[in-house]
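Nothing in this text is a laboratory measurement; each read-out follows from the coordinates by a stated rule. Note that the coordinates shown come from a computational prediction; the quantities given were computed from them, not determined experimentally. Cβ atoms come from the backbone with ideal geometry, glycine included; neighbour counts cover every protein chain shown.
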Amino acid sequence: MNQLLQDQENRVERSRVRPLPRFFAVVGYAVFAMIALAVLLELTCWAGWSAYRRARPVFPELRQASPAYDGEAWAAEFWREELGRQRSRKVYVPFRLWATTDWHGKYINNDESESGAWRRTVNPLRSDCSEKRKVNVWIFGGSTVYGTGVPDGATIPSYLSRSLNVDGSPCTIVTNGGVEGYVSNQELLQLIERLKSGEQPDVVVFYDGVNDASAAGASPGPPNAHFYFGAIKNRIEGSLSGRLDFVQDSYTMRVVGALRGSLRPRRPVALPVEQERAKAAASLDNYEANLRLARALSKALNFELYCFWQPSLYYGHKPLVPFETNVFEVNKSDANVRWSSVIARVYEEADRRAAQGSDFVFLGNLFDSVAEPVYIDEAHLGPRGNELVAQFIAKYLETHSRNYLALQPR
């Protein structure tokens, strides 16, 4: 009898203990099922999104179709390398936030130096330069200076070196200081850091426009200081959106956003003209303030400074080929109407200030008489476009730079 009572008590005790492990088991299975479902959903959305983008490509993939590459045998192989580079890791640096990534390939090379990695410039080798003093030209800018979309030898700095190093001219070494996504704020810091290292240029060129205009943004309020300002700010401040911003980049959220947009399309409304003008004025005020500081450095450290505002499909009257027309229409579409309108307004303000004697050269109309294709998107240029820009800058330096003219043959 005692044994029966003991067995019964043991069964009662076990029945009291079982619910807790069973609860954790159910929770564990539920969590595992949710994770498995989320992974399956992400993989499914990735497959669907990839198929959708193959059928309806967007930039940067659409750039490859530009007729600016017609006749270039290297184009297909180059773009396989270029897309791989664009997906490579990003490098953080103090003050400027990010820098050029170390990369070496057949067409794209970022060479390491004491002051960081710099896109390789193809400077012509001249036998008569071994004993001569060389003119050191540094050129700063965003991705258009870096050379997004072209090989090392077809960047603006490489073409600039080629134009400045014709026989009988002063020997010139051009350094490519372009970093993708940079605005003039970051370029000024970049110049300061290089000067602090003890390096000395003879001529410094700033080549800006699209990025400074784009930083004005499509939402109300003042222009941002740099790209990714909101994302970086939220991460530093530890906000919930900053901690979970990776969710917004998932393929699931991309598909959800696309479906929501197709089911409930909303036509964006352009900002009021007064807000656009205020943004444009603030953008140019900031740009010109950066130029004044750079100019003060040039006087203190004895180098010359020349600044150029780059051309873009957002502005000017270039005769467009069909591809460029398509790019222009995409950037004027409902989804981008605010952005394109603000950028065009900034360009109008830059044109106006340059005409009134501001300390930069406005190139927004450089391609107004160029009928051939030069653009690969709304801002980046193919080889011929970069060559035309470089030729203009070279001619300007040759006719304006005291440092350069002093070395011209008599």
**Asked** Dividing the alpha-carbon Rg of segment 61-405 by 2.2 N^0.38 Å yields what?
**Response** 1.01
**Complete:** Calc'd 3J(HN,Hα), segment 145-155, phi into Karplus 6.51 cos²θ - 1.76 cosθ + 1.60 (θ = phi - 60°), Hz, glycine/Pro = x, comes to 7, 3, x, 4, x, 9, x, 3, x, 10, 7
**Request:** For K299, go through the lysines and keep the ones whose alpha-carbon is under 17 Å away, minus same-chain ones fewer than eight residues off.
**Result:** K196
**Asked** For segment 61-405, what's the relative contact order in percent, using C-alpha pairs closer than 8 Å and at least 6 residues apart?
**Response** 20
**Request:** Pop a pseudo-label 7 angstrom from the Cα along the beta-carbon direction at both Y396 and W74 and give the gap in nm to one decimal.
**Result:** 2.6
**Request:** Using a cut-off of 13 Å between beta-carbons, work out the net charge of the residues near R119 (Lys and Arg +1, Asp and Glu -1, R119 not included).
**Result:** -4
**Item:** Relative contact order computed over segment 124-203 (Cα-Cα under 8 Å; 6+ residues apart), in percent
**Value:** 43
**Prompt:** Order of V135, V273, V361 from fewest to most other C-beta atoms within 10 Å?
**Reply:** V273, V361, V135
**Message:** Quick check: pseudo-label points 7 Å beyond the Cα along Cα→Cβ at Q200 and D368, how many nm apart are they?
**Reply:** 4.2
**Prompt:** Within a Cβ distance under 13 Å of G141, other residues only, what is the Lys/Arg minus Asp/Glu net charge?
**Reply:** -3
**Fill in**
Scoring only Lys, Arg, Asp and Glu (+1, +1, -1, -1) among other residues with Cβ under 9 Å from the Cβ of E304 yields 0
**Item:** Extended-chain gain in nm, criterion 0.36 nm per residue less alpha-carbon gap, K90 and K106
**Value:** 3.7 nm
**Request:** Check cross-link reach from K134 to the aspartates and glutamates: straight Cα distance under 16 Å, and skip same-chain residues fewer than eight apart.
**Result:** D167, E199, D202, E304, E398
**Request:** Among Y92, Y159, rank each residue by its count of other Cβ atoms within 10 Å, from fewest to most, as a rough exposure measure.
**Result:** Y92, Y159
**Prompt:** Within straight cross-link reach of K318, meaning Cα distance under 22 Å, which lysines are found once same-chain residues fewer than 8 apart are removed?
**Reply:** K332, K395
**Asked** Within segment 61-405, what percent of beta bridges assigned by DSSP are antiparallel, to the nearest 5?
**Response** 35
**Complete:** For I376, other-chain or 5+-apart residues with amide H closer than 5 Å (H placed, Pro excluded) are L381, G382
**Message:** Please list, in order along segment 351-361, the HN-Hα scalar couplings obtained from phi with the Karplus expression 6.51 cos²θ - 1.76 cosθ + 1.60 (θ = phi - 60°), rounded to whole Hz, x for Gly and Pro.
**Reply:** 4, 5, 5, 4, 5, 8, x, 5, 7, 8, 9
**Prompt:** By its C-alpha gyration tensor, with a ≥ b ≥ c as the square roots of the eigenvalues, how is segment 353-407 shaped: rounded for a/c under 1.5, else prolate for a/b larger than b/c, else oblate?
**Reply:** oblate
**Item:** Linear extension gain, M253 paired with F23, 0.36 nm per residue minus alpha-carbon span
**Value:** 79.6 nm
**Request:** Arrange W138, W74, W339 by Cβ neighbour counts within 10 Å, fewest through most, would you?
**Result:** W74, W339, W138
